[in-house]
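These notes concern the structure reproduced below.
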Amino acid sequence: MESNENAQRHLIYVAPLAAYSSGHDTGRWIEVTKCEEELKEKITELLDDCPYSAVDGDWRIHDYQGFCDCGHSLGEHPSLKELAEFVGLIEQHGKLVAELLDYFCGDVEEAKRYLDEKYLGAFDSAADYAEKDALGKIQGEIPVVIAAYVNYEAMGRDLLLGGEILAIKLLDAEDRKIVHIFTNRPTN
């Protein structure tokens, strides 16, 4: 478990557009927490401190740090609610949620829905998932005379190519490849 002093900080570089347009970089790095109101206050304070901008002026995010290399998926002017929510998801799920956000082009709600409703588990490969899925659908073991003809690699590939599952490959703490599998089928 990480100590608080070594915990990942989530930072955004926010710039008032009026200052940026007039050639003055008066932006600053702002730490993003899970509190939307706190983030809104920090941005309002930045706009208030800027001599070129009004308190209710426009702003945009120029850069992200601590967002698992997927801040660009959130865009230059994301919803502050979604930004705060995403920080909470990163703290809970790490790189996995970042990869989902990237896959869903910045749609935090869709990434969250996949985590909550469609996650099937972590496997060594799509073939391992296909084997578990196939064996879960039949009663007992596959007869030996048939087992030789079952190709779980092909089944896993077909599930991926057919769009039935989404696979996100990550490295674990020991640098082993882990494949997180999500269903693309409707959930109840």
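The values are calculated or read from the model by the stated rules, or taken from the named source; none is laboratory data. Since the model is a prediction, treat every value here as computed from it, not as a measurement. FYI the Cβ positions are ideal-geometry reconstructions off the backbone, even for glycines, and counts take in every protein chain you see. The protein model used for the area step is the full one, side chains on, heavy atoms only, and it has no ligands, DNA or RNA in it. Shrake-Rupley method; radii C 1.70, N 1.55, O 1.52, S 1.80 Å.
Tabulated data for the structure shown
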quantity: Total residues in region 130-187, condition of a type in the set (S, T, N, Q) and not in a loop (DSSP other than H, G, I, E, B); calculated: 1
quantity: Meets criteria (in contact with an Asp or Glu (Cβ under 9 Å, 6 or more places away or on another chain), over 22 Å from residue 14 (Cα atoms), modelled with pLDDT of 90 or more and open to solvent by 70 Å² or more (accessible area, probe 1.4 Å)) for residue 109; calculated: yes
quantity: Region 174-188: number of residues that are open to solvent by less than 100 Å² (accessible area, probe 1.4 Å) and either of a type in the set (A, V, I, L, M) or over 17 Å from residue 133 (Cβ atoms) (or both); calculated: 3
quantity: Single residue of 140, 136 found to be of a type in the set (Gly, Ala, Ser), at pLDDT below 90, open to solvent by 40 Å² or more (accessible area, probe 1.4 Å) and under 23 Å from residue 186 (Cβ atoms); calculated: 136
quantity: Every residue from region 59-82 that is modelled with pLDDT under 90 and part of a helix (DSSP H, G or I); calculated: 71, 72, 73, 74, 82
quantity: Given (1) farther than 25 Å from residue 11 by Cα; (2) among the polar types (S, T, N, Q); (3) loosely packed, with under 14 Cβ neighbours inside 10 Å, number of the condition residue 92 does not satisfy; calculated: (1)
quantity: Residue in region 47-57 that is in contact (Cβ under 8 Å) with a residue 12 or more places away in the chain, under 30 Å from residue 97 (Cβ atoms) and more than 18 Å from the chain's Cα centre (by Cα) present; calculated: yes
quantity: Lone qualifier among 154, 148 - being out of contact with any Gly (no Cβ under 9 Å at 6 or more places or on another chain) and open to solvent by less than 30 Å² (accessible area, probe 1.4 Å); calculated: 154
quantity: Criterion violated by residue 28 - all others in (1) out of contact with any Asp or Glu (no Cβ under 8 Å at 6 or more places or on another chain); (2) loosely packed, with under 14 Cβ neighbours inside 10 Å; (3) among the basic types (Lys, Arg) satisfied; calculated: (2)
quantity: Unique residue being of a type outside the set (D, E, K, R), at pLDDT below 90 and surrounded by 15 or more Cβ atoms within 10 Å (Cβ to Cβ) when the list is 125, 53; calculated: 53
quantity: Conditions (1) out of contact with any Pro (no Cβ under 9 Å at 6 or more places or on another chain); (2) farther than 21 Å from residue 178 by Cβ; (3) not hydrophobic (A, V, I, L, M, F, W, C); (4) not in a helix (DSSP H, G or I): number failed by residue 121; calculated: (2)
quantity: Residue check, residue 119 surrounded by fewer than 19 Cβ atoms within 10 Å (Cβ to Cβ) and touching a Phe, Trp or Tyr at 6+ places or on another chain (Cβ under 6 Å); calculated: yes
quantity: Residue within region 100-117 that is part of a helix (DSSP H, G or I) and β-branched (Val, Ile, Thr) present; calculated: yes
